[in-house]
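Worksheet: the structure to be examined is printed underneath.
The values are calculated or read from the model by the stated rules, or taken from the named source; none is laboratory data. This structure is a prediction, so every number in the text was calculated from the model and none was measured. FYI the Cβ positions are ideal-geometry reconstructions off the backbone, even for glycines, and counts take in every protein chain you see.
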Amino acid sequence: MSLSAQYLWLIPALPLLAATIAALAPRSARSLAAGAAILALATSFFISCAALSTALANPATHLTHNFVWFELGNDTVPLGWLLDPLTAFMCTMVTFVGTLIFIFSLGYMHEDANFKQFFCFLSLFAAAMLGLLVANSLLLLFICWELVGLASYLLIGFWFHKPSAAAAAKKAFITTRIGDLGFLLGLLWLYDSAGSLLLYDNGHGVLEATALGALGSAATLCGLTVASAIGLLLFCGAVGKSGQFPLHVWLPDAMEGPTPVSALIHAATMVAAGVFLMARVYPLLTPDALRVIAFIGAITALLGAVIAVAQYDLKRILAFSTVSQLGYMMLAIGVGAPNAAIFHLLTHAFFKALLFLGAGSVIHAAHHEQDIRQLGGLSAKMKLTFATFAIGTMALVGVPLFFSGFWSKEAILHAAHTTTGSHLPFYAALIGVVLTAFYNTRLIAETFFGHGRSHAAEHAHENSAVMTTPLVILAFFAIALGFLGTPAYPWLQARLSGETAVHGHSLLDGVGLMVLSIVLVAVGIGAGFALYGRKLRAKATSPDPLATAAPGLHAFLGARLKFDELYAATFGVLNSFTATAADWFDRYVWGGIVHFLALLGEFSGTVNREADEQGLNGGFDATSEKIRGTGQAYSRVQTGDAHGYLRWIAVSFVVLALVAIFGGVV
Amino acid sequence: MSPLHLCLLFSSALFCIGLVGALARSNTILVLLGVELMLNAANLNFIAFWRYGPTPSPATGVMFVIFSIAVAAAEAAVGLALIIAVYRHQKSIRLQEANRLKG
């Protein structure tokens, strides 16, 4: 089975078609909308598989299909599709995980009145994400990028009747927009310096040697090359989209959306877009840019893990773990291992989708209770959910050897360790590993062990097969996917870097690092068990052990390091100050000028009117009066008496005849 | 008396009858009849001068008359239509009463 790059557009087009059908269908056409969405994405999955087999047959070539979108004077604006292993792997993952999430949504959203719109938005989201993946033009990528932003706004704010959801949707949209501004500037600058936005175009694309050489040599201010500056601007977009520090604040709030949306945003689509973008434009990134990316990634990885320790909301903990894992991916890009980043992105997509859907299953069963203090004791009541959730957690933590997260995280740690640059990010990543193990142990212990601490948790029961089957499938891949990229046989990494042969190392090669990370994971799990596992929480209101030990720190972490407050106190205040100043300026300076001009106009209008009324009108009135008087005088002749007229005619005729006869005319 | 004189005398008589009718009658239709009579007196003159004139050309007089009759017919149609309209407004066709258009 092979697929020409020419037909790559089918992959995003099918979900888009499904979204259109769902948008046009009447509100009651629930099964039509859902059926169209699932069928379209599943078909896209099969096309993606064909694309994957094509790409794997020739991993080193970038199959492209470019076409002219429109012409502008002498310039043409080309767009195109690109098929290489990166695109193919990503498409396959997005369509596969997406399909499972869609199916899960059938059960989760079953009682929702806006079921049809939900599937419409989901399809739009998937279409935008797939369009972003197959784009061979940064312009097309940017268009789809913004569509992803729009769809995420619609989905996060899906329950817009909740003020918190509406606020979260706005926050996500605006925060990512800040990053997108940098992205757009980067695009414009890139177009200005390289003359094209096509990625690969027979030697003329921006990722090909000619353009890269030209960009690298051109120096700009502050000693940065143009390429570094452009790379950092593009990274701004990725920072916004992938929830990197300092624009990570929207991601945890995005939990206000329905849980399948969280799974889709956090696993397969939106946040993956930023990492994908960086992997895609990786040839463009200079060492200067990479250093910044590595540090931002490491900070994010640590930050997310630290904050997750003190959260109580089930989904919020998972959200911060996503922030943290995305930090790892960015770190991998920054230390020059984009393949490790994509490997982690793929494994993370599966186990994080599993975790979110598992959380969704818990929340659905516990009647929308998502505070872990209120849950508890679910392991016995929801065996399948618990088992799959535990697998997802172990993959996330990086429990050795059997779980995918271990291998992908190991690849990142290895890259960070062997990098020639600073090792600070590596140490941050190691601390992150401990914390990840710690907060996940806490999450499992609080949610599933002990006894139910609320009415909802006590009466929870396992969900229907439509919700648990996707969990089982995802759990299988959360384990199996790791074996695609073990150091012994790094098949995935080899294909991504365009090699057909796989050069494996001995497992003992990096065994020191592996042992270290196993020890760190064990420490994290041990600490978590010691604090939360040995003595389980008795009541929903009993205090957190960490909060008793260090109340100030715990509260500070619980408030998410007060980032929101910080932004409110700095950017928010600055913004409102600027707005007030602009308002004042508008009202009194510009408004004053406008008022003055208006008064001037009014004055000259008054003068004109007086001149008109007194001067001009007087003359006209007098003339008109005279004409009227004359008319009245003459109108007396017209008596309305037809006989009178006739008589006058006859008399006049006789007079004329007499004059003619006797006057000698005839 | 030449035939021309006879004709002219006859047409003068006809014209006078028409004039008197138009001036003396108060029924608008009869006034219109008077006007038609005067018009026909003029037509008779056309024929007479053509037939007994010094240079009889083939059909000049007859042509004039035919035109004149056509115009008279059109005028009569308009006149009658006016009368009907006036009647609808004031339920009377007395000419003295149709004086709304006075100045």
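Tally up the residues in region A:299-315 that are in contact with a Lys or Arg (Cβ under 7 Å, 6 or more places away or on another chain) and either assigned to a loop (DSSP other than H, G, I, E, B) or among the polar types (S, T, N, Q) (or both), please.
Within region A:299-315, residues that are in contact with a Lys or Arg (Cβ under 7 Å, 6 or more places away or on another chain) and either assigned to a loop (DSSP other than H, G, I, E, B) or among the polar types (S, T, N, Q) (or both) number 1.
Could you please give the count of residues in region A:6-54 that are over 25 Å from A:Met109 (Cα atoms) and surrounded by 16 or more Cβ atoms within 10 Å (Cβ to Cβ)?
Qualifying residue count, region A:6-54: 11.
Quick one: in region A:622-634, which of the residues that are away from chain B (no Cβ under 14 Å) and of a type in the set (A, V, I, L, M) is farthest from the chain's Cα centre (by Cα)?
Our first condition is that a residue be away from chain B (no Cβ under 14 Å); within region A:622-634, this holds for A:622-627.
Next, from what is left, pick out any that are of a type in the set (A, V, I, L, M): A:622, A:627.
Numbers: A:Ala622: 76, A:Ile627: 79 Å.
So the residue we want is A:Ile627.
Quick one: how many residues across region A:381-429 are assigned to a helix (DSSP H, G or I) and over 24 Å from A:Leu314 (Cα atoms)?
Applying the first criterion (assigned to a helix (DSSP H, G or I)) to region A:381-429 yields A:381, A:383-397, A:404-418, A:424-429.
Keeping just the survivors that are over 24 Å from A:Leu314 (Cα atoms) gives A:407-408, A:410-418, A:424-428.
Residues meeting the conditions: 16.
Only one residue in A:Gly504, A:Gly498 is part of a loop (DSSP other than H, G, I, E, B), within 31 Å of the chain's Cα centre (by Cα) and modelled with pLDDT under 75. Which one?
Residue meeting the stated conditions: A:Gly498.
Answer yes if at least one residue in region A:635-655 is away from chain B (no Cβ under 14 Å) and loosely packed, with under 11 Cβ neighbours inside 10 Å, and no otherwise.
Of region A:635-655, the ones away from chain B (no Cβ under 14 Å) are A:655.
Add one more test, that the residue is loosely packed, with under 11 Cβ neighbours inside 10 Å, and what stays is A:655.
Yes - at least one qualifying residue is present in region A:635-655.
Being exposed (fewer than 10 other Cβ atoms within 10 Å of the Cβ), away from every other protein chain (no Cβ under 12 Å) and not in a helix (DSSP H, G or I) narrows it down to one residue among A:Gly619, A:Gly664; which is it?
Values: A:Gly619 fails: not in a helix (DSSP H, G or I).
Result: A:Gly664 is the single residue among A:Gly619, A:Gly664 that is exposed (fewer than 10 other Cβ atoms within 10 Å of the Cβ), away from every other protein chain (no Cβ under 12 Å) and not in a helix (DSSP H, G or I).
Considering only residues that are touching a Ser or Thr at 6+ places or on another chain (Cβ under 9 Å) and surrounded by 20 or more Cβ atoms within 10 Å (Cβ to Cβ), which ones fall in region A:431-449?
Filtering region A:431-449 for residues touching a Ser or Thr at 6+ places or on another chain (Cβ under 9 Å) gives A:432-433, A:435-436, A:439-441, A:443-444, A:447-449.
Listed by number, the residues that qualify are A:Gly432, A:Val433, A:Leu435, A:Thr436, A:Tyr439, A:Asn440, A:Thr441, A:Leu443, A:Ile444, A:Thr447, A:Phe448.
Which is within 14 Å of chain A (Cβ to nearest Cβ), touching a strand residue (DSSP E or B) at 6+ places or on another chain (Cβ under 8 Å) and surrounded by fewer than 18 Cβ atoms within 10 Å (Cβ to Cβ), of B:Asn99, B:Asn27?
Working: B:Asn99 fails: touching a strand residue (DSSP E or B) at 6+ places or on another chain (Cβ under 8 Å).
Answer to the selection: B:Asn27.
Where the second residue is surrounded by 11 or more Cβ atoms within 10 Å (Cβ to Cβ) and modelled with pLDDT under 80 and the first is within 16 Å of A:Arg316 (Cβ to Cβ) and lies in region A:560-576, which pairs have Cβ atoms under 8 Å and are six or more apart or on separate chains?
So the pair list comes out as A:Lys562/A:Phe556.
Restricting the search to region B:51-103, which residues are at pLDDT 90 or above and polar (S, T, N, Q)?
The answer is B:Ser68, and nothing else.
Can you pull out the residues in region A:105-121 that are within 17 Å of A:Ser152 (Cβ to Cβ) and small (Gly, Ala, Ser)?
Once the filter is applied, which keeps residues that are within 17 Å of A:Ser152 (Cβ to Cβ) and small (Gly, Ala, Ser), region A:105-121 yields only A:Ser105.
Is it true that some residue in region A:127-135 is out of contact with any Ser or Thr (no Cβ under 6 Å at 6 or more places or on another chain), assigned to a strand (DSSP E or B), crowded, with 24+ Cβ neighbours inside 10 Å and among the hydrophobic types (A, V, I, L, M, F, W, C)?
Yes, some residue in region A:127-135 is out of contact with any Ser or Thr (no Cβ under 6 Å at 6 or more places or on another chain), assigned to a strand (DSSP E or B), crowded, with 24+ Cβ neighbours inside 10 Å and among the hydrophobic types (A, V, I, L, M, F, W, C).
Table: residues versus (1) more than 12 Å from chain A (Cβ to nearest Cβ); (2) surrounded by 13 or more Cβ atoms within 10 Å (Cβ to Cβ); (3) under 30 Å from A:Gln632 (Cβ atoms).
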position	(1), (2), (3)
B:Leu6	yes, no, no
B:Phe10	yes, yes, no
B:Val20	no, yes, no
B:Asn45	yes, yes, no
B:Ala73	yes, no, no
B:Ala85	yes, no, yes
B:Leu95	no, yes, yes
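Please verify whether A:His204 is at pLDDT 80 or above, in a loop (DSSP other than H, G, I, E, B) and over 16 Å from A:Val292 (Cα atoms), treating the condition exactly as stated.
Spelling it out, it is not the case that A:His204 is at pLDDT 80 or above, in a loop (DSSP other than H, G, I, E, B) and over 16 Å from A:Val292 (Cα atoms).
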